[in-house]
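The values are calculated or read from the model by the stated rules, or taken from the named source; none is laboratory data. Please read all numbers here as calculations on a predicted model, not as lab measurements. Here the Cβ positions follow ideal geometry from the backbone for every residue, glycine too, while neighbour counts run over all protein chains shown. Please note that ligands, DNA and RNA were not included when accessible areas were found on the heavy atoms of the full protein model with its side chains. Shrake-Rupley method; radii C 1.70, N 1.55, O 1.52, S 1.80 Å.
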Amino acid sequence: MPSEEDYKQWIEEWRAVLVGRILEDEPTYSRKQVCKPSDEEGNQSVTAPLKDNVPKPWLYESSDGERMVKASLIPGPVRTIGPNMPITMDFCPTRLNISYDEERRITCVSFI
């Protein structure tokens with residue numbers, strides 16, 4: 001299980017990359033992505049931390065130069081949260097939460 005320090009580092013990396021971009025779509029869900037319980041060894045699937053040498057097909061620029069994010073391609077469990085959108089309060093520390101405003105511009109990223 002990742003440490004609290006790992007989560008802090010990962011969230012800073014995600015914020016640096018995602019905040020300010022426009023969200024193009026919503027994540028596609030499968031039972032595997034939605035907060036699955038720990039395996040026998042206590043390991044949980046965590047939305048992958050960013051690595052410089054790994055391709056990121058979910059990040060791109062539109063034809064008019066707008067920085068975009070395609071949430072359906074982000075690896076791991078992801079939840080998008082729009083303005084005034086009701087959300088469940090389930091505890092899922094492995095899920096990346098992406099909040100956006102009325103213009104679909106990402107304003108906040110968190111794991112809880």
Margin query: Checking the conditions here, which among L96, L18, L23 is modelled with pLDDT of 90 or more and either open to solvent by 70 Å² or more (accessible area, probe 1.4 Å) or touching a helix residue (DSSP H, G or I) at 6+ places or on another chain (Cβ under 7 Å) (or both)?
Written below: L23
Margin query: Can you pull out every residue in region 87-109 that is more than 15 Å from E24 (Cα to Cα), among the charged types (D, E, K, R) and either outside any loop (DSSP other than H, G, I, E, B) or under 12 Å from the mean Cα position of the chain (by Cα) (or both)?
Written below: R95
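Residues M68, M89: which one is surrounded by fewer than 12 Cβ atoms within 10 Å (Cβ to Cβ) and either farther than 18 Å from Q9 by Cβ or modelled with pLDDT of 90 or more (or both)? Step through it out loud before you land on a result.
Working: M68 fails: surrounded by fewer than 12 Cβ atoms within 10 Å (Cβ to Cβ).
On inspection, the qualifying residue turns out to be M89.
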Check: Got a number for residues in region 71-86 being open to solvent by 30 Å² or more (accessible area, probe 1.4 Å), touching a residue at least 24 places away in the same chain (Cβ under 8 Å) and assigned to a loop (DSSP other than H, G, I, E, B)?
Finding: 1
